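Comments concern the structure below.
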Amino acid sequence: MTDLAQLQSDALARIEAADDAEALEALRIEFLGKQGSISALMKTLGKMTPEERQEQAPKIQGARTAVADAITARKEAFEAAELERKLAEERLDLTLPAPQSPKGSVHPVSQVMDELAEIFADLGFSVATGPEIEDDWHNFTALNMAETHPARAMHDTFYFPDQDADGNRMLLRTHTSPVQIRSMVKEGAPIRIIAPGRVYRSDSDATHTPMFHQIEGLVIDRDINLGHLKWTLETFLKAFFERDDIVLRLRPSYFPFTEPSVEVDVGWQDVKGRRVLGGDGDAPGHGWMELLGSGMVNRRVIEFAGLDPDEWQGFAFGVGVDRLAMLKYGMDDLRAFFDGDQRWLDHYGFSPFDQPTLSAGVGAGA
Ligand code: DAH
């Protein structure tokens, strides 16, 4: 057994003499690695008689522990020394100004969503959410788009191959309108919500991306009429674009979930070749831009959501958040929103300290 004692004392001496982490690691492998000398001794235990093993096992085990502990201790000593060296060497000048360009920024979509939440909170709306993986009943059927409804074909839907437990076809929601249904079913009436979120359609060019953002609005109460809708949209758009000269044009339109349906255009004026919102769309050099869909909620939708349409009426609207951001902040390619290009984010992103508030103006940097 002097062999073992010799091995152990040699090992400990060499560990003590190791002068860097690399040398130490080589020693660990030499003694304790798979082919290591102490590991080899451990293996001999299997071939011993029980009596021999009872005698040798604690010794070999003891040598192994002693070597392992010595390696750990030496390693900690190296780390402590390294830390000491760094602390002694590194100097931090606390009088230097903070770095000039902050690294993170708030994406314009997040910024606009915050602005919208702020504006609508002030009008008494709360924020509702729903799942992005929807079933076909909430996304279409309950919104008065039956299986054979032609409007279904207009939404280039991403379907999942499987159905859910109740036999519903599952899909990526094509709009935020299913949140209307979920909110009415859950909360009943009266209700006043906005529902911002991601939506998906199989579509891609400069103005369409397969994923984009919408915000849905829903008001259900007694005696709600088109006047309430018009006032709400006007108030919202004036607050959002931060100007009082916003002119809206309401055009009759068609959506299965509203009756009557109204498409809302906003007037713009051309100032030195640049589109500026707030103009009279009918005046020379001015024009109209389609902005959002809306209308009085169809009786059938109110029924589908489990409410009595003779008692409850309301209005709804849906608008593209990315589009609102483009109009307000002047980007012209939607695809760049989702490229994650650092230069674009640096240019169009917002400071996290620029919280939109109504008192300071919801516009960033106001
Ligand atoms: N869901 C419609 C779409 O994505 C937008 C829309 C139109 C929503 C009219 C509404 C509405 O709530 O009333 O094209």
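Scanning region 303-331 for residues that are within 17 Å of residue 348 (Cβ to Cβ), in contact (Cβ under 8 Å) with a residue 12 or more places away in the chain and either in a helix (DSSP H, G or I) or touching a Pro at 6+ places or on another chain (Cβ under 6 Å) (or both) yields a total of 8. Counting only helices (runs of 4 or more DSSP H) that sit wholly inside region 146-252, those with at least 1 residues that are modelled with pLDDT of 95 or more are 178-187, 226-241. Are any of the residues in region 342-353 outside any loop (DSSP other than H, G, I, E, B), exposed (fewer than 14 other Cβ atoms within 10 Å of the Cβ) and among the basic types (Lys, Arg)? There is at least one residue in region 342-353 that is outside any loop (DSSP other than H, G, I, E, B), exposed (fewer than 14 other Cβ atoms within 10 Å of the Cβ) and among the basic types (Lys, Arg).
Here is a yes/no grid of residues against (1) surrounded by fewer than 21 Cβ atoms within 10 Å (Cβ to Cβ); (2) within 19 Å of residue 219 (Cα to Cα); (3) outside the structural domain of residue 326 (by TED's automatic domain parsing); (4) over 25 Å from the mean Cα position of the chain (by Cα):
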position: 123; (1), (2), (3), (4): yes, yes, no, yes
position: 131; (1), (2), (3), (4): yes, no, no, no
position: 147; (1), (2), (3), (4): yes, no, no, yes
position: 157; (1), (2), (3), (4): yes, no, no, no
position: 175; (1), (2), (3), (4): no, yes, no, no
position: 178; (1), (2), (3), (4): no, yes, no, no
position: 194; (1), (2), (3), (4): no, yes, no, no
position: 204; (1), (2), (3), (4): yes, no, no, no
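Among the residues in region 72-85, are any at pLDDT 90 or above, surrounded by 12 or more Cβ atoms within 10 Å (Cβ to Cβ) and within 32 Å of the chain's Cα centre (by Cα)? Checking region 72-85: not a single residue is at pLDDT 90 or above, surrounded by 12 or more Cβ atoms within 10 Å (Cβ to Cβ) and within 32 Å of the chain's Cα centre (by Cα).
Kindly indicate whether any position in region 49-66 is assigned to a loop (DSSP other than H, G, I, E, B) and either touching a helix residue (DSSP H, G or I) at 6+ places or on another chain (Cβ under 9 Å) or without any contact (Cβ under 8 Å) to a residue 12 or more places away in the chain (or both). Yes, that holds for at least one residue.
Taking region 163-186 as the range and being without any contact (Cβ under 8 Å) to a residue 40 or more places away in the chain and within 13 Å of the ligand (Cβ to nearest atom) as the test, only 174 passes.
The values are calculated or read from the model by the stated rules, or taken from the named source; none is laboratory data. Given the structure is predicted, the values throughout are model-derived calculations rather than measurements. Neighbour counts are summed over all protein chains in view; Cβ atoms, including those assigned to glycine, are modelled from backbone coordinates with ideal geometry.
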